[in-house]
Amino acid sequence: MLKSMTGYGRAEQQVRGKIFLIEIRSLNGKQFEMLLKIPQLLKPYEFEIRNIISEKLVRGSIECIITLKQNGAVKPVTINTELARAYYQPLKELSEELNLDPSQLLVSILKLPEVITPSTDVFNDEEWNDFQVLLKSALNEINQHRVDEGISLEKDLLLRIENIGFQQQEVIRQEPMRRQKIRENILKLLDEHVGAEKTDVNRLEQEMIYYIEKIDISEEQVRLKNHCEYFKTLLAEPDDVKGKKLSFILQEIGREINTTGAKAYDSEIQKSVVMMKDELEKAKEQILNVL
C-alpha cells in the first residue's frame, strides 16, 4: 500500500468554551518540514503539537494553521486598581487647577495603558487532552486523503513497471536477430576490405565470440527483471513509508536500461530502450509524491 505526501485535513470543534479550527496541508518534500501557526494560548504546547504532527505525517512539506475563533463569550478582564489610584490623584489635582469637570476622570483613567488588561487564558490538563483529540482528528483526515491519493499513485506506478517489462520482452525477442545481424555485418565488412580467401576462419570465430560476449546484454536483462519484480513486491508491502526505497530501485532500473541501450547496437532494440526510458521518467515523477 502506498501513501501520498499530498493531502488536506480540517477539524473544527468547541473545546471547553473555545472554538478551534485546525487546517493541515501537505505537499511532497525530501524531508519533514513544517510551518506552524498557532494562537498565543497554545504557545506553551508548541513542542508537543509539533511532535504529534511529525509522528503522524512523517515526511513532506507541512503547513498547519490553528485558529482560535471567537464564540461570542465575554472575555474576563483584570483592573489594576493600584495603578488606577496612582493615576487618579495627580489627574484630579490637575483638573482642579484647570477648572475642568472631574466627573470624566474615571473614563479617562480606564483608557490609560495597563489599567485594564485581558485575563491570560491558560489550558488546563483536561482542555489540552480535548484539544489533542481534535488535532488527531484533523491528522486522521489528512492521512486518509494521503491513502486515497496513494491508491492512484500505486496503479500508475504498476502500469509504468508493466510497460517497462513489456518492452524488455521485446528486447529479449530481438536479441537472437541482433546477434545474427552483428555477425553478418562483420563478415560483410571483412569480405569487402580483406577478402574471404584471406580470412583466418579459426581466428575469426574467436574474435567473433569475444566481441559478441562483450556486447552481450543478457545479464542486464536478468537484473532489470529482478529490479522490476522487487519494485512490485515492495509496492505490496504494508509499510507506509517506502518512497525513498522505491526511488533507489528506479535508479537501478534506469542503470540497466541505459547499459542495454549502450551495448545494443541495434535500431529495433534502441526503440524499446527509448520506450522504457520514457516509462521510467514518468515513474520517477510520480515517486516524488510517495511518502
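The values are calculated or read from the model by the stated rules, or taken from the named source; none is laboratory data. Since we're looking at a predicted model, the values are computed, not measured. We place every Cβ from the backbone using ideal geometry, glycine too, and count neighbours over all the protein chains shown.
So here's what we get for this one:
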{"item": "So Phe47, is it in the same structural domain as Asn140 (by TED's automatic domain parsing) and free of Cβ contacts under 8 Å to residues at least 24 places away in the same chain", "result": "yes"}
{"item": "Leading residue by the ranking (surrounded by the most Cβ atoms within 10 Å (Cβ to Cβ)) among those in the stretch 11-28 that are modelled with pLDDT of 85 or more and either assigned to a helix (DSSP H, G or I) or of a type in the set (Gly, Ala, Ser) (or both)", "result": "Ser26"}
{"item": "Near pairs, Cβ below 8 angstrom, 6+ apart or cross-chain, from the stretch 92-120 (under 16 Å from Glu82 (Cβ atoms) and at pLDDT below 75) to any residue that is of a type in the set (S, T, N, Q) and surrounded by 11 or more Cβ atoms within 10 Å (Cβ to Cβ)", "result": "Glu114/Asn80; Val115/Asn80; Ile116/Thr78; Ile116/Asn80; Thr117/Thr78; Thr117/Asn80"}
{"item": "Top-ranked residue of the stretch 239-259 - restricted to ones that are aliphatic (A, V, I, L, M) and either touching a strand residue (DSSP E or B) at 6+ places or on another chain (Cβ under 8 Å) or not in a helix (DSSP H, G or I) (or both), ranked as nearest to Glu229 (Cα to Cα)", "result": "Leu246"}
{"item": "Of all residues making up the stretch 260-278, the number that are assigned to a helix (DSSP H, G or I) and at positive phi", "result": "0"}
{"item": "Output for the stretch 264-283, where each listed residue is crowded, with 16+ Cβ neighbours inside 10 Å and under 27 Å from Met1 (Cβ atoms)", "result": "Met276, Glu279, Leu280, Ala283"}
{"item": "Any hit, the stretch 42-61, residues being in contact with a strand residue (DSSP E or B) (Cβ under 8 Å, 6 or more places away or on another chain), at pLDDT 90 or above, charged (D, E, K, R) and farther than 25 Å from Asp125 by Cβ", "result": "no"}
{"item": "The lone exception for Tyr8 - which of (1) modelled with pLDDT under 90; (2) of a type in the set (Phe, Trp, Tyr); (3) in contact with a strand residue (DSSP E or B) (Cβ under 8 Å, 6 or more places away or on another chain) it fails", "result": "(1)"}
{"item": "Candidate set from the stretch 218-246 (those that are farther than 29 Å from Pro176 by Cβ and touching a Leu at 6+ places or on another chain (Cβ under 8 Å)); member that is surrounded by the fewest Cβ atoms within 10 Å (Cβ to Cβ)", "result": "Val241"}
